[in-house]
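What follows is a short report on a single structure.
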Amino acid sequence: MGIKNTKIVNSKVDYLNYKGNDYKRIVNFKNVKNTSIKISSNGILKITLPLTYTKNDILFIEKNQFNIIEHFHNKLIYKKISVENKFVFLDGKKYKLNINIVEKKRAKVWIENTILYVQTSSKENVIKNIEKFIKNFYLDKWINRMIYYSDLMNANINELKVKKMTGSWGIYHTLNSSITLNLKLAFFSEDVQNYVIIHEIAHFFQPNHSNRFWEIVEKYDGDYKKHKKELKNYAEY
């Protein structure tokens, strides 16, 4: 039996935009029977088409390519800070990391356009410096949203704090009617952030997750199930 020649005969390269991020797509035409589609660890979509591809092959690609990108995107954004790959997600959007190691200088973090600049004394401090920036940057932002939603929902919330937590995206403290939010919420879209704020304010009325509780949440976030699922799939960076 001879060996079948499956070398690439022709290629096409373009880009697909998904949630504001461009994913490179490489379509290779080969002497193969079946169409295949996969995505590499660095986010490049690789498609193999038979030389004599059919309409069904194109439909297969159109049906599956965004599902594969979405799965990759979800896995990617769950690792919200990557010093190695130099990116960070804020408000669900990808920012490039520009890291400048400068000894004996005060750490500084700031945003310009779609770049997060980090000036620090060592690479080991990069994540720590970014998290401190997030905590300070988002505190005022989330306090304003807490005030907006507590007024809208007619709830009396006295205080909001931000800190790094595990096992919880937010906590409602019954004794002093205050809320603590996980700083990692900054990585997600504003809609997801709002969901958690609404969720915690709803505990002002209902201490447990009863049907009445979820009715309150749904009244102010009709897509809460979608946002809840996104948080549930989160994995630590």
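The values are calculated or read from the model by the stated rules, or taken from the named source; none is laboratory data. Every value quoted in this text rests on a predicted model; they were computed, and no experiment measured them. FYI the Cβ positions are ideal-geometry reconstructions off the backbone, even for glycines, and counts take in every protein chain you see.
Quick notes on this structure:
- Among residues of the stretch 158-189, those that are among the charged types (D, E, K, R), over 14 Å from D140 (Cα atoms) and not in a loop (DSSP other than H, G, I, E, B), counted: 1
- Number of the condition not met by K226 [criteria: (1) farther than 30 Å from I99 by Cα; (2) modelled with pLDDT of 95 or more]: (2)
- Any chance G92 is within 29 Å of Y195 (Cα to Cα) and either of a type in the set (S, T, Y) or surrounded by 16 or more Cβ atoms within 10 Å (Cβ to Cβ) (or both): yes
- In the set S150, S177, S210, only one residue is more than 17 Å from the chain's Cα centre (by Cα) and on the phi > 0 side of the Ramachandran plot; that residue is S177.
- In the stretch 44-68, the residue that is farthest from Y18 (Cα to Cα) out of those that are within 31 Å of the chain's Cα centre (by Cα) and of a type in the set (S, T, N, Q) is T48.
- Every test in (1) surrounded by fewer than 14 Cβ atoms within 10 Å (Cβ to Cβ); (2) within 24 Å of K108 (Cα to Cα); (3) free of Cβ contacts under 8 Å to residues at least 12 places away in the same chain; (4) not hydroxyl-bearing (S, T, Y) is passed by K163 save one, and that test is (3).
- Listed by first and then second residue, the pairs linking a residue in the stretch 204-217 that is without any contact (Cβ under 8 Å) to a residue 60 or more places away in the chain and in the same structural domain as L152 (by TED's automatic domain parsing) to a residue that is in a loop (DSSP other than H, G, I, E, B) and aliphatic (A, V, I, L, M), with Cβ atoms under 6 Å apart and 6 or more places separating them unless they lie on different chains, are F204/A155.
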